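Comments concern the structure below.
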Amino acid sequence: MSMRALVVGYGSPLRGDDALGPLVADRLAALELPAGIEVAARHVLTAELVAELGAVERAVFLDAAVDLPPGAVRCVPLMPRWSASSMAHVHDPCELLAWCEALYGRAPHAWLISAGGAEFGYAHCQLSAPARAAIAPMLARIMTLLDLAAPDATG
């Protein structure tokens, strides 16, 4: 039986480098992935993801970061944790994992892969050069976390 995993890229495509998470998710979804690997691109993280998280062993979240140098990539493990926004429309990954644990008695092993952005202006609508350069290392880290073969470098 193959591993079940969920990869969620999130961010606003209208805010320059904030689109990095969804764009990396779209790149990953275009690859031939084994059965059981689901990929989603979202503007924000909402409570509906909790049911999907409850059905997988691993979860990887993808986002742009303002606290990293442009183009730098960081991968951190995530643990279930409640936040002050527990009834809000928009959630953070750790809060979704906490809901998953509360509802299903378990949460998947999860990580957040972030890359530093350079441009987050509303009218920008495209990635900066440093953010574009972070796509390949982000994809490589996803493949490692999910025990998958590296993507074709020509893609």
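The values are calculated or read from the model by the stated rules, or taken from the named source; none is laboratory data. The shown structure was predicted, so the numbers you read here are calculated from the model rather than taken from an experiment. FYI the Cβ positions are ideal-geometry reconstructions off the backbone, even for glycines, and counts take in every protein chain you see. Please note that ligands, DNA and RNA were not included when accessible areas were found on the heavy atoms of the full protein model with its side chains. Shrake-Rupley method; radii C 1.70, N 1.55, O 1.52, S 1.80 Å.
Within the range 6-29, the set of residues being at pLDDT 95 or above, outside any helix (DSSP H, G or I) and aliphatic (A, V, I, L, M) comprises Leu6, Val7, Val8. Within the range 1-17, the presence of a residue that is open to solvent by 10 Å² or more (accessible area, probe 1.4 Å) and acidic (Asp, Glu) is excluded. Evaluated against (1) assigned to a strand (DSSP E or B); (2) free of Cβ contacts under 8 Å to residues at least 12 places away in the same chain, Glu32 falls short on exactly one condition, (1). Residues that are among the hydrophobic types (A, V, I, L, M, F, W, C) and open to solvent by 60 Å² or more (accessible area, probe 1.4 Å) were ranked within the range 30-50; the one that is modelled with the highest pLDDT is Ala30.
Give the residues of the range 88-107 that are surrounded by 18 or more Cβ atoms within 10 Å (Cβ to Cβ), modelled with pLDDT of 95 or more and not in a helix (DSSP H, G or I), sorted by residue number. Within the range 88-107, just Ala107 meets the criteria.
Limited to the range 53-69, what total is found for residues that are open to solvent by 60 Å² or more (accessible area, probe 1.4 Å) and modelled with pLDDT of 95 or more?
Total meeting the criteria: 2.
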